[in-house]
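Take a look at the structure below.
The values are calculated or read from the model by the stated rules, or taken from the named source; none is laboratory data. All of these numbers come straight from a predicted model, not from anything done at the bench. Note that each Cβ is placed from the backbone with ideal geometry, even for glycine, and that neighbours are counted across all protein chains shown. Accessible surface areas use protein heavy atoms only, side chains included; no ligands, DNA or RNA. Shrake-Rupley method; radii C 1.70, N 1.55, O 1.52, S 1.80 Å.
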Amino acid sequence: MIEVRDLLKVFDTRGHVVRAVDNVTTQVAKGEVVVVLGPSGSGKSTFLRCLNGLEHFDEGHVAIDGLQLADPKTDINAYRREVGMVFQHFNLFPHMTVLENLCLAQKVVRKRSKADREAKARALLEKVGIAQKANEYPSRLSGGQQQRVAIARALAMDPKVMLFDEPTSALDPEMVGEVLDVMKTLAQEGMTMVCVTHEMGFAREVADRVLFFDHGKLLEDSAPAAFFAAPKDPRAQAFLRQVL
Amino acid sequence: MIKHKKAQWPWHGLTALVLVGLAFSLYMATSMISYEWRWNRVPQYFAYKAEEAQRAAGYGTVQEIVISGDNARVTLKDENGAEQVLDVAKDSLQLSRGDDVAEGDQIGVTRHWAAGPLVWGLWTTLWISVVSGALGLLIGLFAGLCRLSSNPTLRDLTTVYVELVRGTPLLVQIFIFYFFIGTVLNLSREFAGVAALALFTGAYVAEIVRAGVQSIAKGQNEAARSLGLNAGQSMRHVILPQAFKRVLPPLAGQFISLVKDTSLVSVIAITELTKSGREAITTSFSTFEIWFCVAGLYLLINLPLSHLASRLERRLAQSD
């Protein structure tokens, strides 16, 4: 479903060159849940943002469902509507109600009728457990509720792939669970997911594979059980000692 | 420390007292230069009874005069028997029955209420403000977005435009426009005035729009783009509505400035409020009264404008 080949992203700030994503090659199969781990500054978020073109990469290929991102003939907007993304800081549109947040892209991009898009939005809000907040503005919602709305907003476009960029990092501890529950449900329903997260429990329980990044390099790619029991790479071992 | 709620009204009373004191000292100052206040001369510059002369179309005699109320209906008959009927005010009638009239002789006048120069000036100021404000908003929106564009030519051109307009006095710009548009393109002075004001406002609105768009967090655009909206859709549906809310106060200030700046187009002989005021003074000699009226009329436009802006601001704040 997702194919990444020789991905290279270099940040060049006043002569200070950082190889944020350094020759990464990997695949994600349909229905697979991949968790990306690594210390901060290791390039995992940049890697994720390269997957839907929010970050322009320097070399390599990224393809989702056969659609090449680097191909100049690819319509980036058509590509992105198949790829849902959830951000660390939710990024809900504050001037719209929850329902309008969910309906905007359906209306503007998918051209769905008002009845269709509202039915879809309400069904998704029901699914993430905040149907009663449909007409509230995001500022009236807690962090966990906002993040669940953000997930529903991405799902409203019927994406083939969901990308999560540290979805629980900006949440109060007691709200992490409700967001992870929604993500688990999604994983069980067979959604293809790539999650950058620091939630080791989620990685262990839900992930099919764990990718470990450091200094832009993909150092380890293994099943969670193997990764947490016996990491092969010395830097992965050091990382796990720090966080567990 | 416990916060005590203190009564506010004595302070408001003091404010009123200060204002009354100021007004009184102004009155005293003008009496010292023996200025005579003649407010009774002012109303005629708002509305007055216009007189229109009614004249005979040809040679003839006054056939009949019928008085009804304040009006008189005069029937003239010429040698061929053709009749002309005129309605005039009774007290202005200059003929009696049987008099002979020649072509062009005044029979009398009709009177009707007409708007005075200050009202016409207010109207001119209003429409110039509205037209140049609307155009300025369009130009400013476009230029502001161009300043943020990734295309270097668009960016450079709008930067040159903004710097040129902000760096030169509006009065000079109006003269340049008047000379250029009036002489080279042969268009009306109103066109020149509106164009100069619109371009002037546009430059400031461009900077306001740019600042507003840049103040919206990058994540908003990223979220919109990640949902498949293109750059234009993201700008229209996500960025601009939020930016508009933020720039409403400076935008309102800019439009209030614009209303006041319209007084400068009087230099190219557009009879707007300030010029009407000056003309009214040349005939009334009531300098203070007329200028106070002119200032009051500007306030009459600007106070509702700022009230409208703050109401809009409150309405847009409901999502906070």
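Some observations on this one:
- Looking at region B:70-113, the pairs of alpha carbons with a distance over 14 Å make up 48% of the total.
- The calculated pair-distance distribution of region B:172-320 uses every alpha carbon pair, bins of 5 angstrom beginning at 0, and gives 2, 8, 13, 13, 14, 13, 11, 10, 7, 5, 2, 1, 1, 0 percent.
- Panel note: the C-alpha atoms of region B:108-149, placed on their principal axes, show extents of 69, 14, 9 Å (largest first).
- Here's the picture: charge each Lys and Arg Cβ at +1 and each Asp and Glu Cβ at -1 in chain B, and of B:Leu19, B:Thr183, B:Val247 the one pushed furthest to the positive end of that dipole is B:Val247.
- Residues listed by number, region B:99-118, amide nitrogen under 20 Å from B:Ala47 label point at 7 Å toward C-beta: B:110-118
- Per the Cα gyration tensor, region A:68-153 maps to an equivalent ellipsoid with semi-axes of 25, 16, 10 Å, ordered largest to smallest.
- Stretch gain in nm, segment A:Asn23-A:Asp75, where the contour uses 0.36 nm per residue and the Cα spacing is subtracted: 16.2 nm
- Scaling against 2.2 N^0.38 Å puts the C-alpha radius of gyration of region B:7-164 at 2.05.
- The modelled label-to-label distance for the pair A:Ala238/B:Glu64, using points 7 Å beyond Cα in the direction of Cβ, is 11.9 nm.
- Value of relative contact order over region B:90-205, rounded to a whole percent, pairs C-alpha under 8 Å and six or more apart: 32
- For residues of B:230-236, the mean tally of beta carbons on other chains within 10 Å: 3
- For A:Glu59, distant residues with modelled amide H under 5 Å away: A:Leu8
- The residues of region B:305-320 listed by number as losing at least 30 Å² of accessible area in the complex, against the isolated chain and with a 1.4 Å probe, are B:Gln318, B:Ser319, B:Asp320.
- Too-long pairs where the Cα-Cα distance tops 31 Å, listed order kept, from A:Lys107/B:Lys245; A:Lys44/A:Lys114; A:Lys44/B:Lys218: A:Lys44/A:Lys114
- Sparsely packed trypsin sites (Lys or Arg not before Pro) within region B:97-200, loop by DSSP, other Cβ within 10 Å at most 16: B:Arg97
- Accessible surface buried by the B/A pair amounts to about 2000 Å², both sides summed, 1.4 Å probe.
- Interchain or long-range residues, amide H under 5 Å from A:Glu136's placed H: A:Val98, A:Leu99
- Nitroxide proxy distance, nm - points 7 Å out along Cα→Cβ at A:Glu189 and B:His12: 5.7
- With semi-axes defined as the square roots of five times the eigenvalues of the C-alpha gyration tensor, the equivalent ellipsoid of chain B measures 55, 31, 20 Å, largest first.
- Spherically averaged projected area in nm², based on the convex hull that wraps the Cα atoms of region B:159-250: 7.6
- Plainly put, region B:94-184 has a radius of gyration that is 1.41 times its Kirkwood radius, both from alpha-carbon atoms, as the Rg/Rh ratio.
- Ignoring aspartates and glutamates fewer than eight residues from A:Lys9 along the same chain, the ones with Cα atoms less than 13 angstrom from its Cα are A:Asp22, A:Glu55, A:Asp58, A:Glu59.
- Dipole magnitude of region A:47-141, debye to nearest 20 (Cβ charges: Lys/Arg +1, Asp/Glu -1, about Cα centre): 600
- Taking a straight Cα-Cα cut-off under 13 Å and skipping sequence neighbours fewer than 8 places away in the same chain, the aspartates and glutamates within cross-link reach of A:Lys160 are A:Glu32, A:Asp65, A:Glu82, A:Glu189.
- √(5λ) per eigenvalue of the Cα gyration tensor, region A:10-99, largest first, Å: 23, 19, 16
- Region B:253-299 and region A:165-240: distance between their alpha carbon centers, rounded to Å: 71
- Dipole axis of region B:1-148 (+1 Lys, Arg; -1 Asp, Glu on Cβ), positive-most option in B:Gly144, B:Gly108, B:Pro10: B:Pro10
- About its Cα centre, the dipole of region A:184-244 is roughly 180 debye, where the only charges are +1 on Lys and Arg Cβ and -1 on Asp and Glu Cβ.
- 222 nm mean residue ellipticity, helices alone, for chain B (DSSP H n ≥ 4; -39,500 (n - 2.57); rounded to 500): -19500 deg cm²/dmol
- A convex hull fitted to the Cα coordinates of region A:106-186 yields 103 cubic angstrom per residue.
- Sparse-neighbourhood loop sites, GluC sites (Glu not before Pro) in region B:271-319 - DSSP loop, at most 13 other Cβ within 10 angstrom: none
- Approximate spin-label separation B:His307-B:Ile176, in nm, with each point projected 7 Å along Cα-to-Cβ: 3.9
- For B:Gln54, the residues whose amide H sits under 5 Å from its own are B:Ile107, B:Gly108, B:Val109, B:Thr110, ignoring neighbours fewer than 5 places away on the same chain, with H placed 1.01 Å from N.
- Within the accessible area of region B:137-255, the carbon and sulfur atoms contribute 68%, probe 1.4 Å, all protein chains present.
- Angle in degrees between helix B:189-215 and the longest Cα principal axis of chain B, rounded to the nearest 10: 20
- Just so you know, the averaged projected area of the alpha carbon convex hull for the protein assembly as shown sits at 46.0 nm².
- Taking GluC sites (Glu not before Pro) across region A:146-218, the ones in a DSSP loop with at most 12 further Cβ atoms lying within 10 angstrom of their Cβ are A:Glu189.
- Scattering curve values for region A:158-244, log₁₀ I(q)/I(0), Debye with Cα scatterers, q = 0.18 Å⁻¹: -0.85
- Binning all Cα-Cα separations of region B:1-44 at 10 Å, short to long from zero, yields these whole-percent fractions: 22, 25, 25, 15, 8, 5, 0.
- Treating r as the C-beta distance of B:Arg111 and B:Arg55 and R0 as 22 Å, the FRET efficiency rounds to 0.90.
- Volume per residue of the convex hull around the Cα atoms, evaluated for region B:209-251, comes out as 55 Å³.
- Efficiency of FRET from Cβ geometry, B:Thr159 and A:Ala226, R₀ 60 Å, rounded to 0.05: 0.55
- Region A:92-244: translational diffusion in µm²/s, Stokes-Einstein, Kirkwood Rh over Cα pairs, 20 °C, 1.002 mPa s: 127
- All distinct Cα pairs of region B:241-320 go into the 1/r average, and the inverse of that average, the Kirkwood radius, is 14.5 Å.
- Unit charges on C-beta of K, R, D, E only; dipole of region B:148-290, Debye: 480
- For region B:305-320, the Karplus equation 6.51 cos²θ - 1.76 cosθ + 1.60, evaluated at θ = phi - 60°, returns couplings of 5, 6, 5, 4, 5, 6, 5, 4, 4, 5, 5, 6, 7, 5, 8, 7 Hz by residue, with Gly and Pro reported as x.
- Based on the Stokes-Einstein relation at 4 °C and a viscosity of 1.567 mPa s, and on the Kirkwood radius from alpha carbon pairs, region A:1-158 is assigned a translational diffusion coefficient of 75 µm²/s.
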